[in-house]
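Participant: Below is the structure I would like to discuss, written out as structure tokens.
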Amino acid sequence: MRIDVLTIFPGYFAGPLDTSLVATARARGAVDVRLHDLRDWTTDRHRSVDDAPYGGGAGMVMRGDVLVAAAESVWNDLPPSATVGTAGAPADVGGAPPRYVAGGARPRTVVFTPRGRPLTQALVRELADEDRLVLVCGRYEGIDERVHELVATDEVSLGDYVLMGGEVAAAAMVEAVVRLLPGVLGNAASAAEESFEGGLLEHPLYTRPPELRGRTVPPVLTSGDHAAVAAWRRARAEERTRAVRPDLLDGTGGAGPEEV
Ligand code: JEE
């Protein structure tokens, strides 16, 4: 899978992409993550990506011309020079017309926004099946509405709290999607993803030492009785789910048993 990330802070992703499983997946070629600096599509001396809102009000808005140009470049694998200054029309670089255009056919393109639909494991699974993803990170008070209309195929929120931009949500999505790509996790984890265990919160986990600050490990876990271990884990998972996330059990507006 290829994932393109559009952001004014490409450096923000250095840690998440170069650490742990995501770094391993990239090194193995399971995922190709490409970062793009939105300022590469600006036209003015100050490389402005924001402007004052029409109608007035506090704060600034991400410019639609910059974002549309950036999206069309990345969708079509064209350099910024091919799409800058194309606010009024699709890019025309003199050769074949671009395969993907704003408002037309385009790869799955996620625009992060507090008003989007919440990121769930169901959406993560759906996105993990795509060949390409384009993730658009805004900042300031949000993005020109025409980008939502012309560029986004999906408007997604990380959750019901306000961040300062889309970068944290994009990093979360990359982690969640990459761990589902073939060969990134072992078979045990993939199997667990499909199983009944997936409908509940995680049961407690223990490792050495056997005693920590006076607290011991539940004896069933060292009994060697696999059926008893499985029953104990199921009971603890149900208990925890009922206490913390009853919405996962009762089907009244929560993520639903198959989501987590
Ligand atoms: C993208 C800019 C900042 C701050 C105003 C806030 C008024 C946008 N789960 C998530 N929370 N926040 C984001 C997110 C935040 C973003 C951008 C994603 C681009 N910002 C920003 C304030 C406001 N509104 C809500 O109440 C009404 C808007 C996010 C995700 N994904």
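Participant: Per q in 0.17 1/Å, what log10 I(q)/I(0) does a Debye calculation on the alpha-carbon atoms of the stretch 2-178 return?
Facilitator: Values, matching the q order: -1.09.
Participant: When only C-alpha pairs under 8 Å and at least 6 residues apart count, what is the relative contact order of the stretch 44-133, in percent?
Facilitator: Relative contact order comes out at 17 percent.
Participant: What's the FRET efficiency of T222 with R132 using the Cβ-Cβ distance as r and R₀ = 35 Å, to the nearest 0.05?
Facilitator: 0.15
Participant: Given the -39500 (n - 2.57) contribution per DSSP H run of 4+ residues, what per-residue ellipticity at 222 nm results for the chain, rounded to the nearest 500 deg cm²/dmol?
Facilitator: Computed ellipticity for the chain at 222 nm equals -9000 deg cm²/dmol.
Participant: Something else now. Starting from the amide H of D144, placed 1.01 Å from N in the peptide plane, find each other amide H under 5 Å away whose residue is 5 or more places distant or on another chain.
Facilitator: Those qualifying (amide H under 5 Å, at least 5 residues apart or on another chain) are M62, G64.
Participant: Could you tell me what percent of the DSSP beta bridges with both partners in the chain are antiparallel, to the nearest 5?
Facilitator: Of those bridges, close to 15 percent are antiparallel.
Participant: Here's something else I'd like to know. Under the Kirkwood approximation applied to all pairs of distinct alpha-carbon atoms, what is the hydrodynamic radius of the stretch 117-212 in Å?
Facilitator: Its Kirkwood hydrodynamic radius stands at 16.0 Å.
Participant: A further question follows. What's the exposure ranking of V174, V5, V162, going from fewest to most Cβ atoms within 10 Å?
Facilitator: V162, V174, V5
Participant: Residue separation times 0.36 nm, minus the C-alpha to C-alpha distance between A122 and R28: what's the value?
Facilitator: That pair, A122 and R28, stretches by 31.3 nm at full extension.
Participant: Taking 0.36 nm per residue of separation and subtracting the Cα-Cα distance, what length does fully extending L35 through R234 add?
Facilitator: This chain segment gains 67.5 nm when fully extended.
Participant: Which whole-number percentage describes the relative contact order of the chain, with Cα contacts under 8 Å and a sequence gap of 6 or more?
Facilitator: 19 percent
Participant: In 10 Å bins starting at 0, how do the alpha-carbon pair distances of the stretch 59-150 split up by percent?
Facilitator: 15, 45, 31, 9, 0
Participant: Something else about it: Based on other C-beta atoms within 10 Å, arrange R106, R99 from fewest to most.
Facilitator: Exposure proxy ranking, most exposed first: R99, R106.
All of the numbers you see were taken from the coordinates with simple rules; none came from a lab. Everything numeric in this text was worked out from a predicted model, so none of it was measured. Heads up, the Cβs are rebuilt from the backbone with ideal geometry, glycines too, and the neighbour counts pull from every protein chain shown.
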